[in-house]
Amino acid sequence: ANGIHCDSSLNARFPASFPDVEGAVRDAATQPFRLESVSEFPVTSFTDRPPSGRRPLHVCAASLAEFRLVLEHAAAGDWQAVVIVMHSFEFVRVNRIEGSGMAAPQRLLARRFEQICAFLSKNQSRFQTCHFRDETARVTDCGTHPPLPRSSRARTAMRHVEQIISRL
């Protein structure tokens, strides 16, 4: 009714995301589906190790190795879509603004984003990047949602190390 035909705000990691949608349906959503007249593209996530639950595929929250794991899993499972979260403000160190008045880049995140883009570019035959508007018409109520990929303890540990280094 409001003219919204596409949405990507369903993040099953957070119970407050779409609380009016039945939990089992919301939690299982890994692929685009129709929600009334809206094409819903859920935020892609994976299972973290040790099992701490769902982790969104977010540039500031997942390592390059975890991105590759999810993308490879999606390609092997013939997924229609992978939704990556990125907020431009996360590329700036806010704590530096408060102290010195100068903004500083988050180099680790910028490097990770560049590496993700390079990986996708090198694998154009397997992965297509596009706008939501290009995919909205293809969304159907397929009713099947493939399982989440599971990360390894090594990948999780590496991400923790990267995060510690980036804070220094």
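Values for this structure:
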item: Of residues in segment 125-155 being farther than 17 Å from THR44 by Cβ and modelled with pLDDT of 80 or more, the one most open to solvent (accessible area, probe 1.4 Å); result: ARG153
item: Residue count for segment 5-48, restricted to those that are at pLDDT 85 or above and of a type in the set (Phe, Trp, Tyr); result: 3
item: Residues (under 28 Å from GLU114 (Cβ atoms) and open to solvent by 40 Å² or more (accessible area, probe 1.4 Å)) located in segment 19-53; result: ARG49, SER52
item: Every residue from segment 1-18 that is within 18 Å of ALA81 (Cα to Cα), open to solvent by less than 50 Å² (accessible area, probe 1.4 Å) and among the hydroxyl-bearing types (Ser, Thr, Tyr); result: SER8
item: Test: residue in segment 68-75 that is out of contact with any Phe, Trp or Tyr (no Cβ under 8 Å at 6 or more places or on another chain) and at pLDDT below 90; result: no
item: Test: ASN2 is within 11 Å of the chain's Cα centre (by Cα), modelled with pLDDT under 90 and more than 23 Å from ILE164 (Cα to Cα); result: no
item: Residue match in segment 31-43 (condition: more than 18 Å from HIS131 (Cβ to Cβ) and within 19 Å of the chain's Cα centre (by Cα)); result: yes
item: Cross-chain or 6+ apart pairs with Cβ under 8 Å, segment 107-125 first and within 19 Å of VAL85 (Cβ to Cβ), then in a helix (DSSP H, G or I) and open to solvent by 100 Å² or more (accessible area, probe 1.4 Å); result: LEU108/ILE165; PHE119/ARG68
item: Elements of type strands (runs of 3 or more DSSP E) contained in segment 37-76, each with 2 or more residues being of a type in the set (A, V, I, L, M, F, W, C); result: none
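Residue by residue, here is whether (1) among the charged types (D, E, K, R); (2) in contact (Cβ under 8 Å) with a residue 24 or more places away in the chain; (3) under 25 Å from ALA154 (Cα atoms) holds:
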{"site": "ARG26", "(1), (2), (3)": "yes, no, no"}
{"site": "GLN31", "(1), (2), (3)": "no, yes, no"}
{"site": "PHE41", "(1), (2), (3)": "no, yes, no"}
{"site": "THR47", "(1), (2), (3)": "no, yes, yes"}
{"site": "ARG68", "(1), (2), (3)": "yes, yes, yes"}
{"site": "HIS73", "(1), (2), (3)": "no, yes, yes"}
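The values are calculated or read from the model by the stated rules, or taken from the named source; none is laboratory data. Fair warning: this is a prediction, and the values are worked out from it, not measured in the lab. Backbone-built Cβ (ideal geometry, glycine too); neighbour counts: all protein chains shown. Quick note on the areas: whole protein, heavy atoms, side chains included, nothing else; ligands and nucleic acids left out. Shrake-Rupley method; radii C 1.70, N 1.55, O 1.52, S 1.80 Å.
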